[in-house]
Amino acid sequence: MPNQTGALAHIVSGYLRVIRFLAGVCMALIVAIMITQVFYRYVLGGSLIWAEELCRYLLIWQTFLVLGLAYSRGEFVSLDFLPGALSPRWAWVLRAVMAVPILAFLVVLAWYGYDFASRFDRQTIPALDFIWTSLTGEALGLSIRWVYVSVTVGLLLMALHVIADLVVTFGSQFRDNLAPADAGKLEAGA
């Protein structure tokens, strides 16, 4: 039987690389566009009318992409005096109980976010239309729905992070409670 932990770790590692890469690309684009905007405004005396709008959309996508990473790193504000006072097993039980309303809330918001985004299929992104029209002579016609769907994507990714956090803490809790002989068998794959 192949090492499932290694395969899962490889998948998670790849996912994290992709999310960090996409967030980095968004930030690099925002910085490049804003530097170009400053150059146009203060050196050339003109303005890029699409720069602020495009940066806003990139920042929205970047924010929703990294929500799950922030959750996994414990970077959200939390009150942890009660879990800190509990044994590891009961702290995990409390964490699992708290995850239920969190997951329900994320799924409801993702559902309504998708419903909201689907209402804007016919509205296009003005900044991209302007850029594309100036380059090709034709409007791009990309729907603004692709900006709004970032809410759904980000919240579903965050839900996956909540579930993964429960699984990882349960797994470590399970391994810590095994007898040394049983732990050796588990690692050997027997």
**Prompt:** Does W92 satisfy the condition of being among the aromatic types (F, W, Y), assigned to a helix (DSSP H, G or I) and in contact with a Ser or Thr (Cβ under 9 Å, 6 or more places away or on another chain)?
**Reply:** yes
**Message:** Checking I49 against (1) within 30 Å of V167 (Cβ to Cβ); (2) aliphatic (A, V, I, L, M); (3) in contact (Cβ under 8 Å) with a residue 12 or more places away in the chain, only one condition comes out false. Which one?
**Reply:** (1)
**Prompt:** Name the pairs whose Cβ atoms lie under 6 Å apart, with the first residue in the range 108-134 and surrounded by 16 or more Cβ atoms within 10 Å (Cβ to Cβ), the second in a helix (DSSP H, G or I) and of a type in the set (A, V, I, L, M), and 6 or more positions between them or separate chains?
**Reply:** L109/L155; A110/L155; A110/L156; G113/V151; A117/V149; A127/L54
**Item:** Hey, A96 farther than 21 Å from L16 by Cβ and surrounded by 14 or more Cβ atoms within 10 Å (Cβ to Cβ) or not
**Value:** no
**Complete:** Listed by first then second residue, the pairs whose first member lies in the range 14-25 and is on the phi > 0 side of the Ramachandran plot and modelled with pLDDT under 90, whose partner is surrounded by 13 or more Cβ atoms within 10 Å (Cβ to Cβ) and not in a helix (DSSP H, G or I), with beta carbons under 9 Å and at least 6 positions apart or on separate chains, are none
**Request:** Could you tell me whether the range 75-87 includes any residue that is more than 26 Å from the chain's Cα centre (by Cα), in a helix (DSSP H, G or I) and of a type in the set (S, T, N, Q)?
**Result:** no
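Quick grid of which residues meet (1) of a type in the set (F, W, Y); (2) closer than 30 Å to A9 by Cα:
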| position | (1), (2) |
| --- | --- |
| W132 | yes, no |
| L135 | no, no |
| E138 | no, no |
| L142 | no, no |
| V147 | no, no |
| G154 | no, yes |
| M158 | no, yes |
| I163 | no, yes |
**Asked** Would you say F105 is hydrophobic (A, V, I, L, M, F, W, C), closer than 16 Å to V147 by Cβ and either touching a residue at least 24 places away in the same chain (Cβ under 8 Å) or assigned to a helix (DSSP H, G or I) (or both)?
**Response** no
**Request:** Please work out if L16 is within 18 Å of the chain's Cα centre (by Cα) and either over 16 Å from M158 (Cβ atoms) or polar (S, T, N, Q) (or both).
**Result:** no
**Asked** Just checking, which of Y71, Y40 is in a helix (DSSP H, G or I), hydroxyl-bearing (S, T, Y), modelled with pLDDT of 90 or more and out of contact with any Pro (no Cβ under 7 Å at 6 or more places or on another chain)?
**Response** Y40
**Message:** Here is a check on your reading of the model: is L94 farther than 30 Å from I33 by Cα, free of Cβ contacts under 8 Å to residues at least 60 places away in the same chain and in contact with a helix residue (DSSP H, G or I) (Cβ under 6 Å, 6 or more places away or on another chain)?
**Reply:** yes
**Asked** Could we say that G171 is among the small types (G, A, S) and either closer than 30 Å to I102 by Cα or modelled with pLDDT of 90 or more (or both) here?
**Response** yes
**Prompt:** Of the numbered conditions (1) modelled with pLDDT under 80; (2) acidic (D, E); (3) assigned to a loop (DSSP other than H, G, I, E, B), D121 satisfies every one except a single condition; which is it?
**Reply:** (1)
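The values are calculated or read from the model by the stated rules, or taken from the named source; none is laboratory data. Please read these numbers as outputs of a predicted model, since none were measured by experiment. Please note: Cβ atoms are built from the backbone with ideal geometry, for glycine as well, and neighbour counts cover all protein chains shown.
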